[in-house]
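Visitor: This is the structure, below, for whatever I ask next.
The values are calculated or read from the model by the stated rules, or taken from the named source; none is laboratory data. Remember, it's a predicted structure, so these values are computed and weren't measured experimentally. Glycine also receives a Cβ, built like all others from the backbone with ideal geometry; neighbour counts cover every protein chain displayed. Heads up: the accessible areas ignore ligands, DNA and RNA and are worked out on the full protein's heavy atoms, side chains in. Shrake-Rupley method; radii C 1.70, N 1.55, O 1.52, S 1.80 Å.
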Amino acid sequence: MNIRREDVLEYHSSAPPGKISVTPTKPCHTQLDLSLAYTPGVAIPCLEIEKQPGLAYNYTGKGNLVAVVSNGTAVLGLGNIGPAAAKPVMEGKAVLFKRFADIDVFDLELNAKDPQDVIRTCQILEPTFGGINLEDIKAPDCFVIEEELRRTMRIPVFHDDQHGTAIIAGAALLNALILVSKKMDSVKVVFNGAGASSISCAEHAIKLGVRRENILMCDSQGVVYEGRTEGMNLYKQRFAAKTDRRTLLDAMRGADVFFGLSVANSVTPEMLKAMAERPVVFALANPDPEIPYDLAVTTRPDAIVATGRSDYPNQVNNVLGFPFIFRGALDVRATTINDEMKLAATHALAELAREDVPDSVSRTYGLERLEFGPEYIIPKPFDPRVLIREASAVAQAAMASGVAQHRVDLEEYRDQLERRLGRVQGVMRSMIHKAQRSPKRVVFPEGEETKILRACQILVDEKIALPILLGRESVIRERIENLRLDLDGVPIIDPAHSPNLERYADELYRLRHRKGITRTEAGEQILHANYFGSIMVSLGDADALIGGLTKHYPETIRPGLEVLPVRAGFRKVSGLYLLITQRGDIYFLADATVNIEPSPEDLAEIALSAAEMSTRFNIKPRVAMLSFSNFGSTRHPLAQKVRRAVEMVKERAPELMVDGEMQADTAVRPEIIDTTYPFSGLKGGANVLIFPNLESGNIAYKLLSTLGGAELIGPILMGLSKPLHVLQRGAEVNEIVNGRANLGCQRHTKARQGMDMSPTLNCLATRPSHTVAPGLN
């Protein structure tokens, strides 16, 4: 994966700087709120906790708070870079804890090279945290620190660099040996690397059934053998073998399993050829493995190969471990994370990989199908089942082994886990992978803009799209050079000097000559990049258009609407936003961008399009047609319009769950319908919200985004025969990349020729752009 320095620094520095913040969980809007949150009311829970310290889990956030602690002495592959430089990594760890397990984190970077200082700091902070994740501390200090903290503290302490890799790799090993028909207690295993991860992986493998005498460990000086004194320590000494083998090649002769936790390119094809039949090769050095994946499988086609990289099968990724292990440990208030809990996590992951994989997970990764086999031996991080299976297995093991201070009903606990993260599971990732399966030619009318160029680099690197840039070639090439991008294969077209200029002008005139445009005017308009790009799409010289970075919404959408006909069976184009709340719930809002005052027929069409879009995101639609009235409570023409639209939708799609007219709170709070309107067929709360006009839809999505903190994806245009995506003005690079992904969810069918687009175009053309709602602004 090509990641550019400028993109990373912008990601971290954009306001607010960093990646995490603190969000209050209780309201603090009134004097009463303030007196409850702080003095005088706060004294009451303080006194209760003084009498019974365990009540800190009831009255504070301790039970969902983990400290990520580092002294920066062994950060990733960067080495001893110090605590301040380690902070971005620790903040990143906090993001993963929150994203995958809904655990809050304070990252603590300690200016403490002496292990005793780290130990004492963690010990005195025990009242604050529910658990401690040690991170990026050099060996052997990390062993000393963790052992002492586990001995002296009554909250879980976990060094992820040791145990995280061991737990995930252990699951992969269990499944790989099943596939190659070998037994754990008979395989010969080589570990290359003798640091924290390697030693922990070896100890965990022994607990899974590997015999210690069948292990050979190597470091930079060769095999760790009995009698060796150079470069040894207490922890390596456990694996000093009685052997005359001295090199890594010697060690790998006849080996069944290779664990690489060392450095890139330390394994040669000759070494792989020396291994036993059907070997298991875990080349886990990051970012580059001990032997490249392609070279490994070419050298040994009979091997099962895993790496630490996401761009190859069988990624051994620690994010499959620490969030879910801590989730289970915290929820039963475990006093430690013991071997039983680690083994439970390993077995839960291994078992999950052997089960049928939901199609939604396969689609998230852009694959037709995932199934247990040589290229799928461990689950994927974005598989929502991992949280439920692994956290519950860890909690169960904690209770069974006697380290849980709080017992849970496992069935109820699994239901709680399922609710914790809501329904959003890698929405954008799913869209990106859909795009990667079939990269399309995407024309960018604003090809001279630096954000467009940077986004195009990502699209090329990630094989998401085949960009086409419109603009002055000399300007574009100068900016590519200044940005140090590699876009040599990307076509650059200057409309004014294109050999297709006259052909495109003729096509524009053919499409619009009965709409008041002359041939001379067509020749002038085609010089505008949005018209030029739209004609390219219309004639099949490009598959899609993305624009709007520097333009008002009407300036971008109008050429597309004039040139590209609507889908067969549709009368109008409409716009939809996908909205993800802070709880992770997903809603589809329409129309919020195009039709100012839709008719009942228009509303019905918008509802059907939005429901279809929901299905394309693998979400079953539950459609609410919104109004200020609930099921006839107000007799007014505006409410009656919505009611008529509901009838039309039900006639055209009787299988669709849809109802209305109803107020917004009725739509999204299922208890209102259950208790007050039990006759309604809308159950479980609506996730597709159809607004009665553009005004209400536009106001709603902006308020939800600005005041409610919801994340927006869109606008996504519905109803066109070919895809057109309009960016928000000033969109960021990632939003431009996501715009290409959005195109993958727009349905492209045979156009309905000769449709009159004048109603939509008139609503755009007759109002000044600064008064037209967005994306119409």
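Visitor: Looking only at region 303-320, count every residue that is open to solvent by less than 10 Å² (accessible area, probe 1.4 Å) and in contact with a Ser or Thr (Cβ under 8 Å, 6 or more places away or on another chain) and tell me the total.
Guide: Going through region 303-320 one residue at a time, the tally reaches 1.
Visitor: Then there is this: Checking GLU735 against (1) assigned to a helix (DSSP H, G or I); (2) open to solvent by 30 Å² or more (accessible area, probe 1.4 Å); (3) modelled with pLDDT under 90; (4) within 25 Å of PHE570 (Cβ to Cβ), which test does it fail?
Guide: So GLU735 meets the others, but not (4).
Visitor: Determine if region 92-103 includes at least one residue that is within 23 Å of PRO384 (Cα to Cα), acidic (Asp, Glu) and open to solvent by less than 60 Å² (accessible area, probe 1.4 Å).
Guide: yes
Visitor: Which strands (runs of 3 or more DSSP E) sit wholly inside region 619-717 and have at least 2 residues that are over 12 Å from LEU589 (Cα atoms) and touching a strand residue (DSSP E or B) at 6+ places or on another chain (Cβ under 9 Å)?
Guide: Hits in region 619-717: 657-662.
Visitor: For a quick check of your reading of the model, give me the residue pairs whose first member lies in region 176-194 and is open to solvent by 70 Å² or more (accessible area, probe 1.4 Å), whose second is at pLDDT below 95, with beta-carbon atoms closer than 9 Å and at least 6 apart or on different chains.
Guide: ILE178/ARG354; ILE178/PHE372
Visitor: Sticking with this one: Which helices (runs of 4 or more DSSP H) sit wholly inside region 115-180 and have at least 3 residues that are among the β-branched types (Val, Ile, Thr), under 27 Å from the mean Cα position of the chain (by Cα) and at negative phi?
Guide: 160-180
Visitor: Restricting attention to region 232-247, and to residues there that are farther than 20 Å from GLU203 by Cα and of a type outside the set (S, T, N, Q), which single residue is surrounded by the fewest Cβ atoms within 10 Å (Cβ to Cβ)?
Guide: Ranking the candidates gives ASP244 first.
Visitor: Does GLU601 satisfy being surrounded by fewer than 20 Cβ atoms within 10 Å (Cβ to Cβ) and of a type outside the set (Ser, Thr, Tyr)?
Guide: The answer is yes for GLU601.
Visitor: Hey, any hits in region 371-393 for a residue that's part of a helix (DSSP H, G or I), of a type in the set (Asp, Glu) and within 18 Å of the chain's Cα centre (by Cα)?
Guide: Within region 371-393 (the criterion being part of a helix (DSSP H, G or I), of a type in the set (Asp, Glu) and within 18 Å of the chain's Cα centre (by Cα)), the answer is no, since none of the residues qualifies.
Visitor: To continue, here is another question. So which helices (runs of 4 or more DSSP H) are wholly in region 441-530 and hold at least 3 residues that are among the aliphatic types (A, V, I, L, M) and within 22 Å of HIS725 (Cβ to Cβ)?
Guide: By residue number, 450-461.
Visitor: Also: Looking at region 505-518, I want the residues that are touching a residue at least 24 places away in the same chain (Cβ under 8 Å) and have a partner that is in a helix (DSSP H, G or I) and of a type in the set (D, E, K, R) with Cβ atoms under 8 Å, at least 6 apart or on another chain. Which pairs are those?
Guide: Note: pairs meeting the criteria are LEU511/GLU562; ARG512/GLU562; LYS515/GLU562.
Visitor: Kindly evaluate LEU125 against the criterion of being closer than 15 Å to VAL281 by Cα and either charged (D, E, K, R) or in contact (Cβ under 8 Å) with a residue 24 or more places away in the chain (or both).
Guide: Judged against the criteria, LEU125 is not a match.
Visitor: Check region 697-706 and report whether any residue there is at pLDDT below 95, more than 30 Å from VAL443 (Cα to Cα), polar (S, T, N, Q) and out of contact with any helix residue (DSSP H, G or I) (no Cβ under 9 Å at 6 or more places or on another chain).
Guide: yes
Visitor: In region 261-271, is there at least one residue being under 38 Å from the mean Cα position of the chain (by Cα), surrounded by 22 or more Cβ atoms within 10 Å (Cβ to Cβ) and at pLDDT 95 or above?
Guide: yes
Visitor: Report, by residue number, each residue of region 616-645 that is under 14 Å from PHE691 (Cβ atoms) and either touching a residue at least 40 places away in the same chain (Cβ under 8 Å) or surrounded by fewer than 19 Cβ atoms within 10 Å (Cβ to Cβ) (or both).
Guide: Correct list: VAL623, ALA624, MET625, LEU626, SER627, PHE628, LEU638, LYS641, VAL642, ALA645.
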